[in-house]
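> My questions will all concern the structure given below.
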Amino acid sequence: MEFKHVSVLLHESVNGLDIKKDGIYVDGTLGGGGHSYEIASKLSGKGRLIGIDRDTDAIEAAKKRLCEFSNITYIHSNFSCVKEVLEKENIGSIDGAVIDLGVSSYQLDCAERGFSYMEDAPLDMRMDRESDFSAYDVVNSYSKEELVRIFYDYGEERFSKKIAETIDIYRKNKPIETTMELVDIIKKAIPEKFRQKGSHPAKRVFQAIRIEVNSELDPLKDALCDFFDCLSPGGRLCVITFHSLEDRIVKQTFASFAKGCTCPKDFPICVCNNKPRGKVITGKPILPSEEEVEYNKRSKSAKLRICEKL
């Protein structure tokens, strides 16, 4: 299948970087190379771009799309390893970075990857296909209590307990191997009146499993802190989120960079001497335009937040 992905909030995020033509930038989630193309187009021959992705399919697709540029370095890794990546590249600091936390259209549309609840495929959901841990392992080896936790915490699924119980009963007879098997089990666990309204009944559970398989939330705050540490003064970090869980982490982490004094409010004077290390550029997140949502339905839930290092 050809790698296709429509970059979300493309111009808003790249413009938010306030690019210096001779600067060094990181695309932490290379994907199909959409953001990277716009960044590279604004760089001179002295500028440099580091593209990171844990999906080798994405890297190969991006290399083809970005073949006209000679100042891009491609790294197969997780963006949470940005400090190690930059150290290996002998880069002391960067002028900006963009991170798109969404799943690419290619991953969703390529049935064999097992991300979609609309196509039958083996339970997979690995962003890094070299990983040996997949959705199959979560669904078939996690305890009932662990399933309840991830469905509720990562999917905000109100029927987490009932769904986990139904999965537990089913897998005692045979492993759950495909996406459609799992979808059918989820549907049976949710009362009919709730299945007939709103989004697809399996959407929240699939989101939760995907987050667990790819460890999307646990290292996010630390990764944002690492990116911020790597910025030069005036450098910017642009992050695109797609659901409230990750957006909350980004919002709170950016606020912590901009916070100065941490003394209790009843202290008459500051004794901690903490100073703000950054400023939040986006008081409220930037949302896709009506035109973008019309063109790309998957952009509807996207939010862009930008922070600048002082």
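> Considering the alpha-carbon set of the chain alone, what are its Rg and its Dmax in angstrom?
So, for the chain, Rg and Dmax equal 20.8, 66 Å respectively.
> Of TYR154, LEU101, LEU86, whose Cα points farthest to the positive end of the dipole of the stretch 84-154 (charges on the beta-carbon: +1 Lys, Arg; -1 Asp, Glu; origin at the Cα centre)?
TYR154
> Net charge near LEU217, counting Lys/Arg +1 and Asp/Glu -1 over other residues with Cβ under 12 Å of its Cβ? The partial results should precede the final answer.
Values: positive: ARG210, LYS221, ARG248; negative: ASP153, GLU212, GLU216, ASP218, ASP222, GLU246, ASP247.
Once all neighbours under 12 Å are counted, the net charge is -4.
> Placing +1 on the Cβ of each Lys and Arg and -1 on the Cβ of each Asp and Glu in the chain, which of THR29, PRO285, THR262 has its Cα farthest towards the positive end of the resulting dipole?
The Cα lying farthest towards the positive end belongs to THR262.
> Which percent, to the nearest 5, of DSSP beta bridges fully inside the chain are antiparallel?
Close to 40 percent.
> Any idea what the dipole of the chain comes to, in debye rounded to 20, about its Cα centre with Lys/Arg Cβ at +1 and Asp/Glu Cβ at -1?
That gives a dipole near 1040 debye.
> Using a 1.4 Å probe, what is the accessible area per residue for the chain, in Å²?
Accessible surface, normalised per residue, equals 50 Å².
> Mean residue ellipticity at 222 nm from the helices of the chain, using -39,500 (n - 2.57) per DSSP H segment of n ≥ 4 over the full residue count, to the nearest 500 deg cm²/dmol?
-11500 deg cm²/dmol, from helical runs alone.
> Please list 3J(HN,Hα) in residue order for the stretch 104-114, calculated via the Karplus relation 6.51 cos²θ - 1.76 cosθ + 1.60 where θ = phi - 60°; whole Hz, with x for glycine and proline.
Couplings: 5, 4, 4, 5, 6, 7, 7, 3, 5, 6, x Hz.
> A follow-up question, please. Report, as a whole number in µm² per second, the diffusion coefficient that Stokes-Einstein gives for the stretch 203-310 at 10 °C and 1.306 mPa s using the Kirkwood radius over alpha carbon pairs.
101 µm²/s
> A further question follows. Mind scanning LYS20/LYS83; LYS64/LYS174; LYS63/LYS303; LYS63/LYS174; LYS259/LYS300 and naming the pairs with a C-alpha gap bigger than 32 Å?
Listed pairs above 32 Å: LYS64/LYS174; LYS63/LYS174.
> Right, another one. Please work out how much length the chain gains when fully extended from ASP153 to LYS46, using 0.36 nm per residue of separation minus the C-alpha to C-alpha distance, in nm with one decimal.
Full extension from ASP153 to LYS46 adds 34.0 nm.
> Would you be so kind as to identify all helices of the chain, as entire DSSP H runs, whose Cα atoms reach 18 Å or more along the helix's own axis and whose mean Kyte-Doolittle hydropathy is at least 0.0?
Numbers: long enough: 244-258 (21 Å, 0.03).
The answer, listed by residue number, is 244-258.
The values are calculated or read from the model by the stated rules, or taken from the named source; none is laboratory data. As the structure is a prediction and not an experimental result, all values here were calculated from the model. All Cβ positions, glycine included, derive from the backbone under ideal geometry; neighbour counts span all protein chains shown. These area figures cover heavy atoms from the full protein model, side chains too; ligands, DNA and RNA do not enter into them. Shrake-Rupley method; radii C 1.70, N 1.55, O 1.52, S 1.80 Å.
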